[in-house]
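Here is the structure we will look at, set down as structure tokens.
The values are calculated or read from the model by the stated rules, or taken from the named source; none is laboratory data. Computed from a predicted model, the values in this text were never measured in an experiment. Note: ideal-geometry Cβ built from the backbone for every residue, glycine included; neighbour counts use all protein chains shown.
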Amino acid sequence: MTKPLFYDVTLRDGCHANQHSFEAEFCSTYIDNAYAAGIRYLEVGHGNGLGGSSLHIGRLKHPLLWQVVAEKAATYPDLKIGVHVIPGLATFEDMKQAAEMGVSVFRIASHCTEADTTETYVGYAADQGHEVWGLLMMAHMIKPDHLAREAKKIESYGADRIVFLDSAGALTPTMVGRITREITQVVEVPVGFHAHNNLHAAVANSLSAISSGCASIDACARGYGAGAGNLSMEALAALLEKDEIPTGLDLKKLTALAALLEKHHPSSLPIVDSLSTATGFHGVFSGFKPKILEAAACFGVDPMDIIAELGKAQVIAGQEDQIIATASELAAAQEASS
Amino acid sequence: MKRVAILGSGNIGCDLLVKCQETVGIEVVSFAGRHANSKGLDFAARRGAPVTDRSIEGILEDGEKPDILIDCTSAAHHPHNYNMCREHGIRVVDMTPAKLGVTCCPVVNLDRCLGADNINMISCGGQASMPICLAIQKANPSISYIEIVSTISSASAGPGTRKNISQYITSTQKAISSMLGIETVKVIINITPAIPPIHMKTSILVDSEQIASEADTRASIEDIAAQTRNYAPGYHTSVKLRSLGQKSMCQVQVTGSGHYLPPYAGNLDIINCAALEVIRRL
């Protein structure tokens, strides 16, 4: 195994856990401590990235976060600050503004089958000289060879790295290994993996990704991210250290970083519960969890039924409105049968 | 009899050909593309339309010129096509996002567009959401924020759509904001590969505190949806307006007429239905 690059998505994916409410002061402290622990790539912003702040997905409570980005980019010249960009939510104008605030890594993401929607966005960021990563979300929904073809497309648009995302925490270590091998066979650029913990497999899947050839791993302090959470950064670093694989990270400081998160966000720490098991099994996007609970309460239906229906309908990330539509249909069906 | 020429032999052009040919009072006098033997030109020829593979030039060299040209090419080609039409006194219905002419959604402002020499049809998401935005605004005149989330099937999103997502968002936001005078409009689009392909869905979200009466707003939505069905028969509310705490949401589903394109492509059908309504009334 080679030394993997840790890409810290806490301040972005963690927004799903706390309803997009990180405060600027916390972000500032977090970035200082992450930097001290050896993190050099770190992502910020709304849970769904640029343009995500909306009634549909949830509003970013403290947009002043961008001032922190500008400050930290100036303080730490070797710290790369990234953003998540989904064509359909974000516009070129959003990317321009982020770049002006010191963002230097643009991670352009599409649903796993729709790589061609990233073409003009990848081109836009690459033309401005930024580092561009191409992301394929909900990677569990298609076969590895199909995913590899989509990865090849994004590489051809100019991406510097390809990351596949287990957005629903639905993959197994065997599947992650197979996908990694398929993608690394067809693309020249490094490949990364992004885990979710719905089925308790974030650590196992990430280890499988690294041993199969992934060069970077997305992770969160305390696994603080959507649904059942992401890969716990400190847990993976600890395991790698035991196996004497260098990470370049200070484990003690990483653990302190996790403790900082626990202290500031005690009521929203991700756990693996029955609902996450259901989302993982049915392949439903992790970030949907709070909205499924909200819709279930509002329409008086069982959240487990909503999850099963969303899985059947192959609903993808970004279709939050379909949670409400599904709950509404289930409620109507309940009424009709009673 | 209105003499219509269709420029652009892709999905939009072919579907409009069928719609025009099936409408009493409209005659398609020319159907133009750029490539001989293209699937679109072949389709038009088989339907008995006079075809040319020489684009706008091919249409204009014909002795009897059309009254109306429907431009189904691209925003990049539209300025040239418009200039040529202006020289020949031909009115233009613009299906591209070029926005040189007056923007039109039939249920909102058709009467005010009829004098223009260039009428722009905004975008599929614009045509699907504008009626509901209008309905919500009629019931709540001081509304200042509205959000539109359209989900279309992967099969109905062609290369042009996929390359112009950022422009689609920006121009649809601007069009709705300026036509209805709503301060902030946010547009989101999803493309889903789900099988079978989903029929276009558009959700509209607003701040609950800006809805004065849910019942009145629902009635207004049903009223405008019915008016919209006069020209786009597959336009139906699939989720009635409902408050979920801070936000209120409703959703429409747009099923296509199934002329040239399959019924799931409601996104392409509704912009064509709107264009046909404009032509009928010109």
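Descriptive notes on the structure:
- All positions within the stretch A:73-126 that are small (Gly, Ala, Ser) and touching a Ser or Thr at 6+ places or on another chain (Cβ under 6 Å): A:SER110
- Residues that are part of a helix (DSSP H, G or I), among the small types (Gly, Ala, Ser) and touching a Pro at 6+ places or on another chain (Cβ under 6 Å), drawn from the stretch A:204-219: A:ALA204, A:SER208
- On the stretch given as the stretch B:244-282, residues that are in a strand (DSSP E or B), farther than 25 Å from B:ASP94 by Cβ and of a type outside the set (D, E, K, R) total 6.
- Listed by position, the helices (runs of 4 or more DSSP H) enclosed by the stretch A:105-203 that each have at least 3 residues that are within 14 Å of chain B (Cβ to nearest Cβ) are A:119-127, A:144-157.
- Spans of helices (runs of 4 or more DSSP H) in the stretch B:116-205 with at least 3 residues within 30 Å of B:ASN83 (Cβ to Cβ) and within 14 Å of chain A (Cβ to nearest Cβ): B:159-163, B:165-180
- Test: residue in the stretch B:215-233 that is at pLDDT 95 or above, farther than 23 Å from B:GLY40 by Cβ, within 13 Å of chain A (Cβ to nearest Cβ) and not in a loop (DSSP other than H, G, I, E, B): no
- Meets criteria (among the aliphatic types (A, V, I, L, M) and in contact with a Phe, Trp or Tyr (Cβ under 8 Å, 6 or more places away or on another chain)) for B:MET200: yes
- Residue within the stretch B:95-113 that is farther than 30 Å from B:LEU180 by Cα, modelled with pLDDT of 95 or more and not basic (Lys, Arg) present: no
- Qualifying residue in the stretch B:243-254 (condition: buried (at least 23 other Cβ atoms within 10 Å of the Cβ), of a type in the set (Lys, Arg) and within 14 Å of chain A (Cβ to nearest Cβ)): no
- Any chance A:ALA74 is more than 13 Å from every other protein chain (Cβ to nearest Cβ), in contact with a helix residue (DSSP H, G or I) (Cβ under 9 Å, 6 or more places away or on another chain) and not in a loop (DSSP other than H, G, I, E, B): no
- Test result for A:GLY311, buried (at least 19 other Cβ atoms within 10 Å of the Cβ) and over 17 Å from A:ALA332 (Cα atoms): no
- The set of residues in the stretch B:58-84 that are under 16 Å from B:VAL4 (Cα atoms) and without any contact (Cβ under 8 Å) to a residue 24 or more places away in the chain comprises B:GLU61, B:GLY63.
- Selection count, the stretch B:31-86, where residues are surrounded by 14 or more Cβ atoms within 10 Å (Cβ to Cβ), out of contact with any Lys or Arg (no Cβ under 9 Å at 6 or more places or on another chain) and of a type in the set (S, T, N, Q): 4
- Taking the stretch A:250-302 as the range and being in contact with a strand residue (DSSP E or B) (Cβ under 7 Å, 6 or more places away or on another chain) and surrounded by fewer than 21 Cβ atoms within 10 Å (Cβ to Cβ) as the test, the residues that pass are A:GLU294, A:CYS298.
- Inter-residue pairs, beta-carbon under 6 Å, first among the aliphatic types (A, V, I, L, M) and in the stretch B:135-150, second in a loop (DSSP other than H, G, I, E, B) and surrounded by fewer than 21 Cβ atoms within 10 Å (Cβ to Cβ), 6+ apart: B:ILE146/B:ILE182
- Where helices (runs of 4 or more DSSP H) fall entirely within the stretch A:220-338, those with at least 3 residues that are within 14 Å of chain B (Cβ to nearest Cβ) and either under 21 Å from B:VAL239 (Cβ atoms) or touching a residue at least 24 places away in the same chain (Cβ under 8 Å) (or both) are at A:289-299, A:303-312, A:320-337.
- First in the stretch A:78-100 and more than 14 Å from chain B (Cβ to nearest Cβ), second anywhere and part of a helix (DSSP H, G or I), Cβ under 6 Å, 6 or more apart: A:LEU79/A:TYR35; A:ILE81/A:VAL69; A:ILE81/A:ALA73; A:VAL83/A:ALA98; A:HIS84/A:ARG12
- Of all the numbered requirements in (1) farther than 23 Å from A:ALA168 by Cα; (2) among the hydrophobic types (A, V, I, L, M, F, W, C); (3) at pLDDT 95 or above, A:ALA226 misses one, and that requirement is (1).
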